[in-house]
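These notes are about the structure you will find just below.
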Amino acid sequence: MPNTGTPLFGLEIKRQPPDLIQRRRFSLRGIMDFNGSGGGNELHNNQFYPSEESKPLLGEMSAQQQQPPPEGNNNHKAGPCSKRSLLHSSSGMRYKLLQEGDIQVCVVKYPRTFLSKLLTSKFLRRWEPHHLTLTDSSLVSATPTGYMEAPLSYSTIEDLQLLSWDNAPKYCVQLSFPGGTVLLQAANSYLRDQWFHSLQWKKKIYKYRKVLNNPSRWDVVLKEIRALVDMALTSPLQDESIHQAPLHIISTLLAENTNLSAQDHENIIVAIAPLLENNHPPPDLCEFFCKHCRERPRSMVVIEVFTPVVQRILKHNMDFGKCPRLRLFTQEYILALNELNAGMEVVKKFIHSMHGPTGQCPHPRVLPNLVAVCLAAIYSCYEEFINSRDNSPSLKEIRNGCQQQSERKPPMPLRLLRPEPPTPPPTTTLSPPPALPLSPPPSIVNSSEILVELERNNNTTNTLRKAPAEGDSEPNLIDCLLVSPALNALSIQLPAHADRVLGCFALILKMLSDYDDWRPALASLLQPIPFPKEELKYVIQRFAEDPRQEVHSCLLSVRSGKDGWFQLYSPGGVACDDDGELFASMVHILMGSCYKTKKFLLSLAENKLGPCMLLALRGNQTMVEILCLMLEYNIIENKDTQLQIISTLESTQVGLRMYEQLCDRQRELKELQRKGGPTRLTLPSKSTDADLARLLSSGSFGNLENLSLAFTNVTSACAEQLIKLPSLKQLNLWSTQFGDAGLRLLSEHLACLQVLNLCETPVTDAGLLSLSSMKSLCSLNMNSTKLTADTYEDLKAKLPNLKEVDVRYTEAW
């Protein structure tokens, strides 16, 4: 055959340079080679049966060639180029991996030397329709009859080709096996190519699975792994399983061969790194990565390979519960970073890289995933102790699916306590008794290893029992981690490694709280588990200092009967170790926001009056203000308690000064509420809060029933003056800056208000919902506000006397 191109059966053939041909490789081990020196018959056969690696595929041609050819012209010509360049070309087609489909099947049981004559003849054998399924090991028909009576194993397929020359059946894929040939005919060229690539993928994956199932030499295995990764990266198929299947094969290989050297570990990790750029590692591979992080935390693989993998997990993972080993891998990766020379500085840079350089993190899943990793790591520090007191399976057993049924006794909360300090000798120092008695201190009994307190739900008695270190009661997680206040040494001695883990992830929580955009979500995610670390107290302090309501509102309990950070850090609370300083700062920020209401003061009077009086006695200005407000709003009804509060206020200079100011305000209030004065009052436009306060302090307004502040510059601050008007029935706030905080205050003090005009004010659903307590309202104007339909329906249901409502230019209109 000449060296130049020779037309043969309408197909032009060009000999390729030997050096280019030598570089061609075929599937797995290079079963065949075009070396340019073969005889004419070999070359002749290769023109009719081009190999799946060397033949230009339809899906790899240009956009013009990808279109179905016109009727009667099936010539597909393409110049020689490498497979990788074809598959990665901008014009390459992409296909979804087929798992099953309908196709026409014909089986020709003749030697391959006669196949060309059969294919070009007009009298081809009959075709059978089949619904074929591509399993992991074979091609199976849903109706096992005729040609597909028995499954066609991928191991028996010798060659896989497209038929695209003249007079060949249209849209056919040829599967050669020892006894003949199977022809699969699709409905169009796209489906044909999809079947071809899917069968090719299944066949290769099946061969790789067999080759890597019984490895002999690890240098050969490493080459096969690289070839497998290269095949997955260059495949024209687009499907999640295209990258996941090689990862599962490699993870199974690693799980069955645990005696690899450290260098083998690193070589395999580097080889599969390209597959991990856009895919989560499977569970077994996560275990392998965790082991590498624990054994070689200073390896460069941790920084160069694991970093993008962990970043992708934190950005895109939606639920660690479905794959807890992803969380364990992230945890071990962070601990490996902490083992580097720079330690927490490296961890800090990693956290900053996850947040990004801007003020707003672009990835909403990063924070929840980081918090989940931190809390799970913190819990693992106490896992050994908790499991020693609990007959439930450990976290490791649950993760591995080994949870066993066991008889459980009724849960009995268990609280860890610090050692009881020595009882000081009695002294004669007098201190004012608390207005509301504090709960008695918990009784402590010594056990063989720890100090425990068993608490019954019965509020009348506390039954004390000696709890051995391996008791079988089931402790609650939160109660297990609660610690008593104002003492130094814990009765739980954590191992050195667990203490390092605890310190690392507590510092991460501290870092997270320093980002303003993350703080609201972090406040809602963190559950009140006050483990004994100063870093957590710093986090709560950041919550208390944040002026945003969605942040500091999380300090309160989320539901009745469950303590929040506010209760836990109050004097006498289980986490208070600073004489109530953090508690006072919490009260200060809450009082400075919309929580300056009767409801908040009532909760303090019912639950925390004793701590408030104690801190006021020590000169805390916030607590002094709280006690004054309780007296001003008549929160305390008991006369003896009122006198005790007054005595507490008079015990300090700041308290005495604020109490005198309260008395002056009360005298002014009595003068203001004295009968007399106008019944209707309208402030001039552009009036301010100060103008209103100055006007109301000038005389008696006990008869004032109608007040118009329309088109003035008053804000929610004027609500402090409005609630002093006992006879007010009609209030006009049209086109003012009166907001939600003012509405909340009005709703608690002006129960007789009948007409309220909020037209063109900045109120929202948060403030409008508080109006549901004003049962006397009969006319309400919410025109041009941020009212929603749901809030409007709620107000109509809760305000039975409401007759006139204006909701124009709102969502509820």
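Just the number please: accessible area per residue for region 676-806, 1.4 Å probe, all protein chains included, in Å².
Details: 5500 Å² over 131 residues.
Per residue, region 676-806 has an accessible area of 42 Å².
Can you sort M318, M591 by solvent-accessible area, 1.4 Å probe, largest first?
Ranked list, largest accessible area first: M318, M591.
Using a 1.4 Å probe and ignoring any ligands, DNA or RNA, find the accessible area of Y538 and quote it in Å² to the nearest 10.
80 Å²
Per residue, how much accessible area does region 141-244 show when a 1.4 Å probe rolls over the protein heavy atoms, in square angstrom? Before the final figure, lay out the partial values.
Working: 4060 Å² over 104 residues.
Per-residue value: 39 Å².
Net charge around V140, counting only other residues with Cβ within less than 15 Å of its Cβ (Lys, Arg = +1; Asp, Glu = -1)?
Result for the neighbourhood of V140: -3.
Probe radius 1.4 Å, ligands and nucleic acids ignored: give me the carbon and sulfur share of the accessible area of region 676-806 as a rounded percent.
Within region 676-806, the accessible surface is 50 percent carbon and sulfur.
Considering only the other residues whose Cβ falls under 10 Å of the Cβ of H588, what net charge follows from Lys and Arg at +1 and Asp and Glu at -1?
Here the count lands on -2.
For a Förster distance of 45 Å, can you work out the FRET efficiency between the beta-carbons of T358 and L556, rounded to the nearest 0.05? Mind showing how you got there, number by number?
Values: r = 31 Å, r/R0 = 0.69.
According to the calculation, E is roughly 0.90.
Quick check: from the Cα gyration tensor, does region 543-612 come out rounded (a/c under 1.5), prolate or oblate? It would help to have the intermediate numbers written out before the result.
Numbers: a/c = 1.37, a/b = 1.18, b/c = 1.16.
Rounded shape, in that the Cα axes give a/c under 1.5.
For region 321-382 and region 517-588, what is the centre-to-centre distance using only Cα atoms, to the nearest Å?
If you average the Cα positions of each part, the centres end up 22 Å apart.
Accessible surface of I508 in the full protein assembly, 1.4 angstrom probe, to the nearest 10 Å²?
0 Å²
For region 252-304 and region 718-788, what is the separation of their C-alpha centers, rounded to whole Å?
One Cα centre to the other: 63 Å.
Kindly provide the GluC sites (Glu not before Pro) of region 641-698 that DSSP labels as loop, not H, G, I, E or B, and whose Cβ sees at most 12 other Cβ atoms within 10 Å.
E650
Between the alpha-carbon centers of region 142-159 and region 637-697, tell me the distance in whole angstrom.
If you average the Cα positions of each part, the centres end up 94 Å apart.
Quote the accessible area belonging to I378 in square angstrom, nearest 10, computed with a 1.4 Å probe and with ligands, DNA and RNA left uncounted.
Answer for I378: close to 10 Å² accessible.
Would you mind classifying region 676-806 by shape? Square roots of the alpha carbon gyration tensor eigenvalues, ordered a ≥ b ≥ c; an a/c under 1.5 is rounded, otherwise it is prolate if a/b is larger than b/c and oblate if not.
Verdict is prolate for region 676-806.
Whenever you get a sec, compute what percent of the accessible area on region 224-351 sits on carbon and sulfur atoms (1.4 Å probe).
Carbon and sulfur together cover 47 percent of it.
Which trypsin sites (Lys or Arg not before Pro) does region 511-560 hold that lie in a coil by DSSP with at most 10 other beta carbons within 10 Å?
Those that pass, being in a loop and sparsely packed, are R559.
The values are calculated or read from the model by the stated rules, or taken from the named source; none is laboratory data. Owing to the predicted nature of the structure, the values given are computational and were not obtained by experimental measurement. Glycine also receives a Cβ, built like all others from the backbone with ideal geometry; neighbour counts cover every protein chain displayed. Accessible surface is based on the protein model in full, side chains and every heavy atom, while ligands, DNA and RNA are left aside. Shrake-Rupley method; radii C 1.70, N 1.55, O 1.52, S 1.80 Å.
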